[in-house]
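Encoded as structure tokens, the structure appears first; notes follow it.
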Amino acid sequence: MSPDEAARNLNPIPEVRVSSPSLFANPWARRARATAVPLVSAGLAAVLVGTLNGGATPVVQESFSSVSGVSSAVQVESVAYNTAVAAAAAAKPKVAVIGTGGTIAGVAQSRSSFTNYSAGRIPIASMVQQLQPEIGNVADVSTVQFGNAGSGGYTIAQFHALTLAVENALKTADGVVVTTGTDTMEEFAYWLDLTVQSRKPVVLTGAMRPWAAGTIDGPQVIGADGPANLYNAITLAASQTTYCFGTVLMLNDEFHAARDVTKGNTTRMDTFETRRMGSLGWIDGDYIKVGRAPARVAKCDTPSEWLTPFNLSTKPASALPRVEIVYNYQQAGGEAITAFANAGVKGIVTAGTGAGGISSAQSAARSAAANAGVVFISTSRVGSGSVTGGSGNIIAGDDLLAQKARLFLLLGLTFAPGDAAKIRGWMDTIGQAEWKVTPPSAIETGFADLATRIAELSTAGTINGSTTELLTDRLARAKSAYESADFAGAGTYLQNFIDRAKQRVDDEAARTALVDLATSLKNEISAASPAAKTVTG
Ligand code: SIN
């Protein structure tokens, strides 16, 4: 079965647009009504929603609300980010909600039955419909029923299909909300964070209390957190506040980075926490506050660098290898590691004590399995703090929790089978809590400065068209040589640049500036490469 077929099999209920607001009181909402191209007509949507909702008549929408403010403790200096946020404020955004089940879609025995319920029962279209009319004024919401089950029942092949479903929804939607059970929501979130090939917001949400009592369209459970969580998640996605943040998890009015968040309590509604670092921000009513942003945002304007290498559209689900977790404890035996290795498992994550320690029996079994080609990531069962070191087929997982490291290793082994060195490199960059965002090197800055100076001199008419073309060409050739690690070639092209600038630029100040910048860039490249030192002017 192809991934597309797998995804279709998991989507038994067709996509339905549930928002068709009839009254708009603000200018962008009026514009949105004029330009929206519904996937199905409002009337048909009403019929479909009514059917999914047990025949209930859709609510007539007569009011609106939208985000009143976004305040940020961080300044995101990105054209793409600011464009997305401005677009969300100017025209009503489209948000697709993908339902997978969990407690949020649960039906309890009675309105006060908080812990006795059946999860994954209510269709997502029905839940979104119950947020109308208010949510229709925040976003134009469509729904996809990916599945309706407890979170723990999903397979890695279904995770693969979910990534493709999210990417498919993002072809038309401005943001996606995925509802899941909370038990493994952090794994759903990190998987999507690592795999979705889009900078648009992806927000995970769910609930700690079931939605309805008695039947799927019964009265709401007392104090049900699902409706507010779903409303807030759609609001957050619509606002574009987390554009380029990667996947975030939103529950109990707080949103967290997918990599770092974990479920910290079996029953409390504030169960999700990001130990040591704290949440990314929160929603108070219709006011969104960003306290901190993942450093990955800094790559927002260069999508090729922002995106991960884990593009699942290039791999069938069958390419995903088995990766398992082994827990360490007093006098832990090594048999589990040996058995996994003998069963053909390609990667194993150890959840060690303290800073990653494992028993001597586990250590011996690990050495044997690593020598046989199994790749390990070493993590800690403590729940926060770094694990460092590692060599060969044993990679240190830093502060990744074991269940997240397992997904990371699984994807690493999919895209670099058996290549521990490559996976270690990914761990050191995209595997980090806040992606390593390396400031531009002196050489990169040198190339950028020269290009800017040529453009300025050309615009001012200080250098003519043919000189601009010639210098731009030499600079581009030098850059391309440098990027291919041809340091000698880069030096030669830069020397040619210097010679031409001396010959052709009449204005003394301009000539000096170009020659100085090119000379210093040439020296930087020479210093970076011993081989380049042999290049002479
Ligand atoms: C589940 O994870 O599916 C059940 C628990 C929950 O949703 O909170």
- line: When region 403-412 is checked residue by residue, the ones that are touching a strand residue (DSSP E or B) at 6+ places or on another chain (Cβ under 6 Å) and either open to solvent by 10 Å² or more (accessible area, probe 1.4 Å) or of a type in the set (D, E, K, R) (or both) are 406
Qualifying residues in region 373-390 (those that are surrounded by 20 or more Cβ atoms within 10 Å (Cβ to Cβ) and over 11 Å from residue 348 (Cα atoms)) - the one modelled with the highest pLDDT: 380
message: Cβ contacts < 8 Å: first residue in contact (Cβ under 8 Å) with a residue 24 or more places away in the chain, restricted to region 329-343; second residue open to solvent by 60 Å² or more (accessible area, probe 1.4 Å) and not in a helix (DSSP H, G or I), any location; separation 6+ or different chain. Result?
response: 341/372
task: Take region 505-524 and flag every residue that is open to solvent by 60 Å² or more (accessible area, probe 1.4 Å) and over 16 Å from residue 447 (Cα atoms).
output: 506, 507, 508, 509, 511, 512
- prompt: Residues 342, 393: which one is over 23 Å from residue 296 (Cβ atoms), surrounded by fewer than 20 Cβ atoms within 10 Å (Cβ to Cβ) and either modelled with pLDDT of 95 or more or out of contact with any helix residue (DSSP H, G or I) (no Cβ under 8 Å at 6 or more places or on another chain) (or both)?
  reply: 342
- request: Please state which of the following conditions residue 119 fails to meet, knowing it meets all the rest: (1) more than 14 Å from the ligand (Cβ to nearest atom); (2) touching a helix residue (DSSP H, G or I) at 6+ places or on another chain (Cβ under 8 Å); (3) under 26 Å from residue 268 (Cβ atoms); (4) open to solvent by 10 Å² or more (accessible area, probe 1.4 Å).
  value: (1)
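Residue by residue, here is whether (1) open to solvent by 20 Å² or more (accessible area, probe 1.4 Å); (2) in a helix (DSSP H, G or I) holds:
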{"site": "278", "(1), (2)": "yes, no"}
{"site": "288", "(1), (2)": "no, no"}
{"site": "304", "(1), (2)": "yes, yes"}
{"site": "308", "(1), (2)": "no, no"}
{"site": "318", "(1), (2)": "yes, yes"}
{"site": "321", "(1), (2)": "yes, no"}
{"site": "329", "(1), (2)": "yes, no"}
{"site": "338", "(1), (2)": "yes, yes"}
field: Qualifying residues in region 88-107 (those that are away from the ligand (no atom under 16 Å from the Cβ) and either of a type in the set (Gly, Ala, Ser) or at pLDDT below 95 (or both)) - the one most open to solvent (accessible area, probe 1.4 Å)
entry: 89
task: Answer yes if at least one residue in region 145-162 is open to solvent by 40 Å² or more (accessible area, probe 1.4 Å), part of a helix (DSSP H, G or I), away from the ligand (no atom under 16 Å from the Cβ) and touching a Pro at 6+ places or on another chain (Cβ under 9 Å), and no otherwise.
output: yes
Selection status of residue 234, away from the ligand (no atom under 16 Å from the Cβ), outside any loop (DSSP other than H, G, I, E, B) and among the hydrophobic types (A, V, I, L, M, F, W, C): yes
message: Going through 422, 479, 502 one at a time, which residue ends up being in a helix (DSSP H, G or I), open to solvent by 50 Å² or more (accessible area, probe 1.4 Å) and under 30 Å from residue 261 (Cβ atoms)?
response: 422
query: Can you pull out the residues in region 173-198 that are part of a loop (DSSP other than H, G, I, E, B) and either surrounded by fewer than 24 Cβ atoms within 10 Å (Cβ to Cβ) or within 15 Å of the ligand (Cβ to nearest atom) (or both)?
result: 174, 180, 181, 182, 183, 184, 197, 198
message: Kindly evaluate residue 384 against the criterion of being closer than 18 Å to residue 418 by Cα and polar (S, T, N, Q).
response: no
field: Residue check for residue 263: surrounded by fewer than 24 Cβ atoms within 10 Å (Cβ to Cβ), within 14 Å of the ligand (Cβ to nearest atom) and closer than 27 Å to residue 297 by Cα
entry: yes
- request: Report the residue count in region 124-144 for those that are under 23 Å from the mean Cα position of the chain (by Cα) and either within 16 Å of the ligand (Cβ to nearest atom) or farther than 22 Å from residue 93 by Cβ (or both).
  value: 1
message: Restricting to region 125-141, give me the number of residues that are part of a strand (DSSP E or B) and open to solvent by 10 Å² or more (accessible area, probe 1.4 Å).
response: 1
field: Answer from 266, 262 - the residue that is free of Cβ contacts under 8 Å to residues at least 12 places away in the same chain, farther than 16 Å from residue 94 by Cα and not aliphatic (A, V, I, L, M)
entry: 266
- request: Tell me which residues, restricted to region 244-255, are out of contact with any Asp or Glu (no Cβ under 6 Å at 6 or more places or on another chain), assigned to a loop (DSSP other than H, G, I, E, B) and open to solvent by 40 Å² or more (accessible area, probe 1.4 Å).
  value: 253
- request: Being surrounded by fewer than 24 Cβ atoms within 10 Å (Cβ to Cβ), of a type in the set (A, V, I, L, M, F, W, C) and within 24 Å of the chain's Cα centre (by Cα) is the filter here, so list the residues in region 211-243 that pass it.
  value: 228
- line: Pairing a residue in region 293-305 that is under 15 Å from residue 280 (Cα atoms) with any residue that is of a type outside the set (Gly, Ala, Ser) and modelled with pLDDT under 85, where Cβ atoms lie under 6 Å and the two sit 6 or more apart in sequence or on different chains, gives 293/74; 294/434; 295/434; 295/435; 295/437; 296/435; 297/76
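The values are calculated or read from the model by the stated rules, or taken from the named source; none is laboratory data. Small disclaimer: the values here were computed from a predicted structure and weren't measured. Backbone-built Cβ (ideal geometry, glycine too); neighbour counts: all protein chains shown. Heads up: the accessible areas ignore ligands, DNA and RNA and are worked out on the full protein's heavy atoms, side chains in. Shrake-Rupley method; radii C 1.70, N 1.55, O 1.52, S 1.80 Å.
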